[in-house]
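Notes to accompany the following structure.
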Amino acid sequence: MDNPLTWRLERAAYRTQHISILVNSILLEHLARRFARRPAPRVPKPVAQLVRGRLADLLDRDLANVEQGLYPRELLFQLPIATYMRNLPSMMRDLPRTVRRIRKGNYQDLPGEVDVERYPPYYRRNFHWQSDGYLSHHSARLYDLGVELLFHGTADIMRRQIIPPITHYLRDTRPASGSRRPGARLLDIACGTGRTLKQLATAHPDLRYHGVDLSPYYIHAARKLLADVEEATLLVENAENLPYIDGYFDIVTSVYLFHELPKNARRRVFDDAYRVLRPGGLLVVEDSAQASESAAILSILGSFPDEFHEPFYRCYLTDDLAALARQAGFVVESSEPHLVAKVVVARKPGR
Ligand SMILES: C[S@@+](CC[C@H](N)C(=O)[O-])C[C@H]1O[C@@H](n2cnc3c(N)ncnc32)[C@H](O)[C@@H]1O
């Protein structure tokens, strides 16, 4: 860190930013719950304490990652708060419609003009009871704000925990001359609106970025978000059947996808990630924490599908991501929790 005083001030600003998002998101959640007459699930005190401890660890680690040069400090302040504030009224206006949908259990309430037959059956639903599922520009506009509110301002922080293993990998594979592996290619599977890719491109501007997602609306949003990234190609494609030749990528990532897939689809995505990665390539997957490493907070994780429409989540909880990676042929290097998420790092054997 160049100037210790500036860094101390930035750390204070970072913590202030976090507290203000935390307080506001808790307040908004409280109001939404009162409106919907859905009280918050009761969390046993020891579990709440554990989660608070994990939150403190996540924020400390975020700062430590910057100090260690694993990603740049500008990521600490990259949340588009003005955009989120602009979208908040739209989200509030959506609330009565969402509450009606929840009360009726209408998970197939999707825009009439969309040809749902083009999508796999598991996808034809409104995950989280989100208006239009993933199938409209309206949904793509509100999604990031919704996720950030759900995780009380930690969604992007958890997302960027996939960056340190990538930074280490790039350092380790740097050619002797000191320059980076020329044109290393990274694919983000189910890239959504592009928030992970955007943070990655800020940390590592010299990679060639690719992203796929089933939603044309989310890909449209991702293209806008990544408009200033020189090498970014975003495609509407199914992660179960990736449109790339074998061994095309040096790095494959995926964030918050697998809990929304049925068991077999999860395996097919891991298999195809293995196929498109070069021997020696890196896989970094992040998703919800699971029973394997987070049994102590299982009561909180288990209440998620009661509250939100997440039909594959219960089975996901015991379908360990590290085990899935091994089944696909990867060598798992680490599997670590980060608040209510986890990051699995694995390599495709070979060179
Ligand atoms: C919970 S969101 C996560 C999006 C993004 N990675 C993020 O961090 O916000 C799940 C995403 O997976 C996409 N998705 C679900 N099934 C898919 C599939 N079979 N192929 C490609 N994308 C898929 C959805 O369209 C959605 O954008």
Among (1) part of a loop (DSSP other than H, G, I, E, B); (2) more than 14 Å from residue 143 (Cα to Cα), the one test that residue 192 misses:
(2)
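Here is a yes/no grid of residues against (1) aromatic (Phe, Trp, Tyr); (2) open to solvent by 80 Å² or more (accessible area, probe 1.4 Å); (3) in contact with a helix residue (DSSP H, G or I) (Cβ under 9 Å, 6 or more places away or on another chain):
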position: 68; (1), (2), (3): no, yes, yes
position: 79; (1), (2), (3): no, no, yes
position: 97; (1), (2), (3): no, yes, no
position: 103; (1), (2), (3): no, yes, yes
position: 114; (1), (2), (3): no, no, no
position: 123; (1), (2), (3): yes, no, yes
(1) touching a residue at least 40 places away in the same chain (Cβ under 8 Å); (2) among the charged types (D, E, K, R); (3) within 20 Å of residue 140 (Cβ to Cβ); (4) near the ligand (Cβ under 9 Å from one of its atoms): which one isn't true of residue 198, the others all being true?
(4)
Checking the conditions here, which among 5, 55, 63 is part of a helix (DSSP H, G or I), of a type outside the set (S, T, N, Q) and modelled with pLDDT under 95?
5
Filter result (part of a helix (DSSP H, G or I) and more than 12 Å from the ligand (Cβ to nearest atom)) within the range 162-174
163, 164, 165, 166, 167, 168, 169, 170, 171, 172
Which of (1) in a strand (DSSP E or B); (2) open to solvent by less than 10 Å² (accessible area, probe 1.4 Å); (3) away from the ligand (no atom under 16 Å from the Cβ); (4) not basic (Lys, Arg) does residue 287 not meet, given it meets every other one?
(3)
Which numbered condition trips up residue 261, out of (1) at pLDDT below 95; (2) within 10 Å of the ligand (Cβ to nearest atom)?
(1)
Of all residues making up the range 134-157, the number that are open to solvent by less than 20 Å² (accessible area, probe 1.4 Å), over 20 Å from residue 29 (Cα atoms) and within 9 Å of the ligand (Cβ to nearest atom)
2
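The values are calculated or read from the model by the stated rules, or taken from the named source; none is laboratory data. Because the structure is predicted, anything quoted here is derived from the model rather than measured. Glycine also receives a Cβ, built like all others from the backbone with ideal geometry; neighbour counts cover every protein chain displayed. SASA here: full protein model, heavy atoms, side chains in, ligands and nucleic acids out. Shrake-Rupley method; radii C 1.70, N 1.55, O 1.52, S 1.80 Å.
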